[in-house]
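Structure first, commentary second.
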Amino acid sequence: MAVLNGALTATPATPLLHWDAERGLHRTLPHPADPIAIQAMARLAADAAELLTGPDAVRLAACGGAPCSRYYVRTHAARHWCSTRCGDRVRAARAYAKKRAAERS
């Protein structure tokens with residue numbers, strides 16, 4: 001939460017008043033060229049905050065793959081993994097364990 005809040009507050013959220021001869025008085029967000037990465041992180045943090053507090057928050061689930069630490073938005077009840085790769089890894093490990101158990105018997 002501290003990381004997201006830090007990214008959210010790193011850039012102004014409200015457009016400021018500016019004046020130039022070409023456009024006159026107008027509102028715009030400051031957008032210096034140096035902290036482009038800061039701007040991107042602020043937008044990602046805003047999206048993450050929206051996901052965590054929005055209607056899809058109840059559908060967030062941890063990936064069921066053993067070494068994976070990712071989360072995903074569960075789109076249907078049968079989904080247990082964040083990606084096809086994690087699902088394939090779990091199924092392959094299960095098949096390998098079953099084969100080894102059969103060989104031991």
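The values are calculated or read from the model by the stated rules, or taken from the named source; none is laboratory data. Predicted model, so just to flag it, every value in this text is computed and none were measured. Glycine gets a Cβ as well: all are built from the backbone with ideal geometry, and neighbour counts include every protein chain shown.
Checking the structure you have, find out if any residue of the range 73-81 is of a type in the set (Phe, Trp, Tyr), surrounded by 12 or more Cβ atoms within 10 Å (Cβ to Cβ) and at pLDDT 90 or above. Walk me through how you get there before you give the answer.
We begin by selecting, within the range 73-81, every residue of a type in the set (Phe, Trp, Tyr); these are 81.
Going one step further and asking which of them are surrounded by 12 or more Cβ atoms within 10 Å (Cβ to Cβ), we end up with 81.
Among the residues that remain, those that are also at pLDDT 90 or above are: 81.
So far as the range 73-81 goes, yes, one or more of its residues are of a type in the set (Phe, Trp, Tyr), surrounded by 12 or more Cβ atoms within 10 Å (Cβ to Cβ) and at pLDDT 90 or above.
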Per-region count, the range 1-51, residues part of a loop (DSSP other than H, G, I, E, B) and at pLDDT 80 or above: 4
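Return the residues of the range 52-78 that are of a type in the set (Gly, Ala, Ser) and assigned to a helix (DSSP H, G or I); say none if nothing qualifies.
Listed by number, the list holds a single entry, Ala57.
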Please verify whether the range 13-27 includes one or more residues that are in contact (Cβ under 8 Å) with a residue 12 or more places away in the chain and surrounded by 12 or more Cβ atoms within 10 Å (Cβ to Cβ). no
Considering (1) assigned by TED's automatic domain parsing to the domain that holds Gly6; (2) modelled with pLDDT of 90 or more; (3) among the β-branched types (Val, Ile, Thr), say which one Val90 fails and leave the rest. (1)
Pair list, Cβ under 6 Å, 6 or more apart: the range 79-105 residue assigned to a loop (DSSP other than H, G, I, E, B), other residue surrounded by 15 or more Cβ atoms within 10 Å (Cβ to Cβ): Trp81/Cys63; Trp81/Gly65; Trp81/Gly87; Cys82/Cys63; Cys82/Tyr72
Subset of the range 56-76 [among the polar types (S, T, N, Q) and in contact (Cβ under 8 Å) with a residue 12 or more places away in the chain]: Thr75
